[in-house]
């Protein structure tokens, strides 16, 4: 009988007392080593359970048996939190959508677009966004892979947290920022003007007070909606 357990800071295959250090995802045993393999409360701690079961199958003899148990965890409802890799691909897809928009002549409208702003409104999305924009390598299923955003040469992508978008728990907004025409246009129809009823006025004489006022006329309208995208994680 061989007893094994994962022991931190112990090389795989070495023994400590009656137990041999083993990682079920990378067992050191040769193929076809055991007739029976048992696991007790192991797989709830394993990052890649598929790889673990594959290793057990490898070291079992033909016709061998595996028996085990694992604790079951129930996830409580919480904020949607994509992985860093999922966020990276979502940004790529959103930018691709913007680059793919065409005008009424069928010509691409954003083929020269290289600078983009990604805006989110929840801490969970912000955490994933920061990771996607700040890492050249991300972890996928326990393995390190190249961050897809690091392969976009010539593109400048920055993120912004906007608490006004807190209701968008599974969505993000992407804007092109290097065009003369913006997705939204802020218009100033009348500059700031200040008015006052102050020194020497009838109001001052009668009530011993001053009134001051500020007036400005502004408006916000759509520019080209094709310079923005609204992405939903699914």
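The values are calculated or read from the model by the stated rules, or taken from the named source; none is laboratory data. Note that the structure is predicted; figures quoted are calculated from it, not measured. Glycine gets a Cβ as well: all are built from the backbone with ideal geometry, and neighbour counts include every protein chain shown.
In table form, for the structure just shown:
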quantity	calculated
Residue 31 being more than 39 Å from the chain's Cα centre (by Cα), in the same structural domain as residue 58 (by TED's automatic domain parsing) and in a strand (DSSP E or B)	no
Counted residues, region 1-42 - those being farther than 17 Å from residue 53 by Cα and touching a residue at least 12 places away in the same chain (Cβ under 8 Å)	9
Where residue 43 falls short, out of the listed (1) in contact with a strand residue (DSSP E or B) (Cβ under 8 Å, 6 or more places away or on another chain); (2) loosely packed, with under 12 Cβ neighbours inside 10 Å	(2)
Count of region 180-233 residues which are touching a residue at least 12 places away in the same chain (Cβ under 8 Å) and within 40 Å of the chain's Cα centre (by Cα)	27
Residue check, residue 106 in the same structural domain as residue 178 (by TED's automatic domain parsing), part of a loop (DSSP other than H, G, I, E, B) and either in contact with a helix residue (DSSP H, G or I) (Cβ under 9 Å, 6 or more places away or on another chain) or without any contact (Cβ under 8 Å) to a residue 24 or more places away in the chain (or both)	yes
Any hit, region 70-80, residues being modelled with pLDDT of 80 or more and under 30 Å from residue 225 (Cα atoms)	yes
Flag for residue 50 being modelled with pLDDT under 90 and not in a helix (DSSP H, G or I)	no
